[in-house]
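Below is one structure, written out as structure tokens, with a few remarks after it.
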Amino acid sequence: MTTLRGDHFAAPLGSSRSGRLRFTNGAHWITIRADPHMQSLCSARFGERMPMIGVHNGMVTIRYSRVPFCDWLDCRSECPAEVALNARIPWEIEVRGCASQLVADLRGLRLGSLSVDGGASRLEVLLPVPSGTVAIFILGGASNVAIHRPEGIAARLHVVGGATLLKFDDRGIGAAGGELDLRSRGYDGATARYDVAVTGGANNVTIDEQRELKGSGAVQA
């Protein structure tokens, strides 16, 4: 049975063999992490800003009430909300609406896809080793975004809408208009890789390999 105690939430794993985390009205000042020891489907701690939560057949839906952006800035004095996912099952993660001040430490997770539909600002993602081709979508523009993948994992970056201050591994682009399609060495023949697509432009975006990603704690935004 789903439990809610104060600002803490937990959902049972039950018979679910996969999970889907969906934010339906944006995600702000949140940490997402994988937990290899978790027995439940997921757990969360939200602090003072308690959203509406629904769970059905492995899908966890989180909806925050729409508030002025200045109110989200005020919550930086609080600890970020934290959502922990059971790392023993595969997950898809989706944010509908803007993602800001969001850290997703997904190392150790079996990630099927990650999408943000509504733009991303101050987003940091630490990716796990993928199985097959894993798609990452940021629709609506990306600003101050860093996506780190494990060393030796191939990646492609496709940007629509121009880019400024873009870094893709050892390549840096100060400014470029139109579309960009960048691929790491060995991407076309790789069986495990990431395909990253950004529409609406990219400003100060980094896609790189991380040689030393130790531990499983989330990075602080």
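The values are calculated or read from the model by the stated rules, or taken from the named source; none is laboratory data. Everything quoted here is computed from the prediction, not taken from an experiment. With ideal geometry, Cβ positions are generated from the backbone for all residues, glycine too; neighbour counts draw on all protein chains shown. Remember, those area values only see protein heavy atoms, side chains included, never the ligands or the DNA or RNA. Shrake-Rupley method; radii C 1.70, N 1.55, O 1.52, S 1.80 Å.
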Q) So which residues in segment 159-182 are touching a residue at least 12 places away in the same chain (Cβ under 8 Å), at negative phi and in contact with a Ser or Thr (Cβ under 9 Å, 6 or more places away or on another chain), if there are any at all? A) Val159, Val160, Leu166, Lys167, Phe168, Ala175, Ala176
Q | Matching residues in segment 182-206 - criterion: being within 20 Å of Leu123 (Cβ to Cβ) and β-branched (Val, Ile, Thr) | A | Val196, Val198, Thr199, Val205, Thr206
Q: Give Val134, Val219 a once-over and let me know the one that is within 14 Å of the chain's Cα centre (by Cα), modelled with pLDDT under 95 and of a type in the set (Val, Ile, Thr).
A: Val219
Q: Would you please list the contacts, defined by Cβ atoms under 6 Å and residues six or more apart or on different chains, that run from a residue in segment 28-57 that is closer than 13 Å to Val83 by Cα to a residue that is basic (Lys, Arg)?
A: Pro51/Arg63
Q: Could you please tell me which pairs satisfy a Cβ distance under 8 Å, a separation of 6+ or placement on different chains, a first residue in segment 183-200 that is under 14 Å from Arg149 (Cα atoms) and without any contact (Cβ under 8 Å) to a residue 60 or more places away in the chain, and a second residue that is open to solvent by 20 Å² or more (accessible area, probe 1.4 Å) and in a strand (DSSP E or B)?
A: Arg183/Arg156; Ser184/Arg156; Tyr187/Arg156; Tyr187/Arg193
(Q) So, in segment 11-51, exactly how many residues are part of a strand (DSSP E or B), of a type in the set (A, V, I, L, M, F, W, C) and under 20 Å from the mean Cα position of the chain (by Cα)? (A) 9
**Q.** Matching entry among Trp91, Trp72 (being at negative phi, within 19 Å of the chain's Cα centre (by Cα) and at pLDDT below 95)
**A.** Trp72
Q) For Ala154, all conditions in the list (1) out of contact with any Ser or Thr (no Cβ under 8 Å at 6 or more places or on another chain); (2) more than 28 Å from Gly97 (Cβ to Cβ) hold save one; what is the number of the exception? A) (1)
